[in-house]
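Working notes, beginning with the structure itself.
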Amino acid sequence: MKRSPFIFSDDNKRYHTLNFYNKTHYGRKVYKAVIDCGLTCPNIDGTKGNGGCIFCDGGSGYFTHGEADIPEQLRLEKERICGKYGESARFIAYFQANSNTYAPAGRLRNIYYSVLKQPNVCGISIGTRADCLSDDIMELLAELNTHTNLTVELGMQSCHDSTIKLINRCYSHEEFCEGFNRLKTSGIRTCIHIINGLPHETPEMMIKTAEEASRLAPDAVKLQMLHVIKGTVLADMYAKNEFELLTREDYIDIIAMQLELLPPETVIERITGDGDKSKLIAPIWSADKIAVLGGIDKKLAWLDTWQGRKYVKKA
């Protein structure tokens, strides 16, 4: 495959990969050390809803060592990462499971700063909801941002309130934008999550979500296919044939169109998803990550297009 014409690339990729960002930002490869700090979510504990979003399976902490305390989780992750990549490997402490700003600021301060003291940690990534960013939490994040490489990840999933209601997210897209803008105004690197293939969404709706992401101009985006996981509300809906999933070809086509709309500076931290394969019901094709990634590369090359080719910066 010929070398990409895309400026944020040093290989054949036609989109701004996390690998390229890490090499240019840190001067080396950097890895994610996943952590479960034992928090919950307002959409799980009854504050706003119960059971989480319809696709939620335990707060997405698939790869964490949640049974251990945080220092032990970090030790296990360091052992895993350094065992594969050498003792000099550096990693981002990734608070992945549930909503990781959903606790008193004092408790969060202790959690975040305890991680920064650990060897090999060069940054923190915090997964949370846009409605869990109170004033005191924002003050803590702004302070943390002066001490480390901080990223906050927010689940947008879709910009369509009809879909947001269906998936039981329990807050509107307008509220999402308010939370996102608070982070952006504070200069905090922000990554938003988008899910393609949500029930009853058309390809045009998914493209509209990418257009909205383009308007927001986040620092990073995670794109993925909807996973139907055992034990979720979504699994029950799927068993009743209440919606259809995208084919791999459809997903690749949609990704190509979404990438064209996104700002070239926006890092694509994920372009297909990982899930617990032992619990994955569908689509089975999503488990073949190499085939999906290769298909995206081939599609972009065949179309001779790249991330941001149709991006228009908003005034």
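Readers should treat all values here as calculations from the given coordinates under stated rules, not as data from a laboratory. All of these numbers come straight from a predicted model, not from anything done at the bench. FYI the Cβ positions are ideal-geometry reconstructions off the backbone, even for glycines, and counts take in every protein chain you see.
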Inter-part gap, Cα centre of region 229-265 to Cα centre of region 130-173, in whole angstrom, is 22
Quick note on 101, 17, 24, ordering by fewest other C-beta atoms within 10 Å, gives 24, 17, 101
Given pairs 165/240; 32/78; 48/279 and cut-off 21 Å on Cα-Cα distance, the over-length ones are 48/279
Region 178-259, Kirkwood Rh and Cα Rg, ratio Rg/Rh at 1.04
Among 35, 173, 281, the residue whose Cα sits farthest towards the positive end of the charge dipole of the chain (+1 at Cβ of Lys and Arg, -1 at Cβ of Asp and Glu, taken about the Cα centre) is 35
The lysines whose Cα lies under 21 Å from the Cα of residue 313, excluding any fewer than 8 residues away in the same chain, are 184, 208, 222
Taking 0.36 nm per residue of separation between residue 82 and residue 284 and subtracting their Cα-Cα distance, the length gained on full extension comes to 69.6 nm
Restricting to Cα pairs under 8 Å and 6 or more apart, the percent relative contact order of region 184-253 works out to 41
Quick calc, the chain, dipole around Cα centre from Cβ unit charges on Lys, Arg (+) and Asp, Glu (-), nearest 20 debye, gives 980
With DSSP loop assignment and no more than 15 other C-beta atoms within 10 Å, the trypsin sites (Lys or Arg not before Pro) in region 89-141 are 117
Restricting to aspartates and glutamates and to Cα separations under 18 Å from residue 117, and discarding same-chain partners fewer than 8 apart, the set is 36, 69, 72, 77, 79, 87, 143
For region 181-242 the trypsin sites (Lys or Arg not before Pro) that pass both the DSSP coil test and the at-most-13 other-Cβ-within-10 Å test are 230, 240
From the Cα centre of region 27-47 to that of region 78-124, the distance in Å is 10
